[in-house]
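Student: If you scroll down you'll find the structure; I have some questions about it.
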Amino acid sequence: MNSMVRKIASTRGPARGQQGRPVCAMVMGLGASLVLGLSACGDGAKIVPTSATASSSAPASSPKFAFDYDVTTVWNAGNYAPSWIQLDLGKPVTISRVRLNVAQDPPGPTTHTISGGPTPDSLTPIGTLDGNTTDDQWLELNQSANNVRYVKIETTKSPSWVAWREIEIYK
């Protein structure tokens, strides 16, 4: 797995520290060893998308459910890979990370390419998440990109229908 990818195990939301602030556990592969770190990951720099579109959606599974702050709702493509969802951030900004909460059954190998750009027709790859994933797992890509209004997550490999509980974009 790419060392820029952080996998964060979670059951229904972030862990809370002593002062009630969200805490993120980060696991990054470094050769044969793993490094575990904790960091505050407050919502101060979170970008709220204005809308979303998708390659397809299952009945009663709107793309807006992917960014509604509720991991019990899901955007589901109603199809296997390849499938995609694209978020409109409202205006071009610099992004620093993308967090994805997986909705997947059965678990298995997946590949997700995250692209961004100022228009839907001018997207460039920001990074790829490639590895085994399970339901309700947080995936994180830490990679800065400038002049991004649209963020597209395209799943090209998955053992299940493509679906996300939450997608979070940060400045």
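Student: Roughly how many debye, to the nearest 20, is the charge dipole of region 53-135 about its Cα centre, given +1 on each Lys and Arg Cβ, -1 on each Asp and Glu Cβ, and no other charges?
Tutor: The dipole magnitude comes to about 220 debye.
Student: Same structure, new question: So what are the ³J(HN,Hα) numbers for region 97-106, from phi and the Karplus equation (6.51, -1.76, 1.60; θ = phi - 60°), rounded to whole Hz, Gly and Pro as x?
Tutor: 7, 10, 10, 10, 9, 6, 10, 8, 8, x
Student: Among 114, 138, 161, flag the residue with its Cα farthest along the positive direction of the charge dipole of region 105-171, charges on Cβ as +1 for Lys/Arg and -1 for Asp/Glu.
Tutor: 114
Student: While we're here: Residue 54: net charge of surrounding residues, Cβ under 14 Å, Lys/Arg +1, Asp/Glu -1, itself excluded?
Tutor: On the way: positive: 64, 152; negative: 88, 154.
Combined, the nearby Lys, Arg, Asp and Glu give 0.
Student: For residue 171, give me every one of the lysines with a C-alpha distance below 22 angstrom, ignoring sequence neighbours fewer than eight places off in its own chain.
Tutor: Here the lysines satisfying the reach criterion relative to residue 171 are 7, 46, 64, 91, 152.
Student: Still on this model: Before anything else, pin down the relative contact order of region 81-171: Cα pairs under 8 Å, at least 6 apart, normalised by residue count, whole percent.
Tutor: Computed value for region 81-171: 48 percent relative contact order.
Student: For residue 79, what is the net charge nearby, where nearby means another residue's Cβ is under 14 Å from its Cβ and Lys, Arg count +1, Asp, Glu -1?
Tutor: Working: positive: 157; negative: 154.
After counting each charged neighbour, the total is 0.
No lab work stands behind these numbers, since they all come straight from the coordinates. No experiment lies behind these values; they were computed from the predicted model shown. Methodologically, a virtual Cβ is constructed for each residue, glycine included, from the backbone with ideal geometry; neighbour enumeration extends over all protein chains shown.
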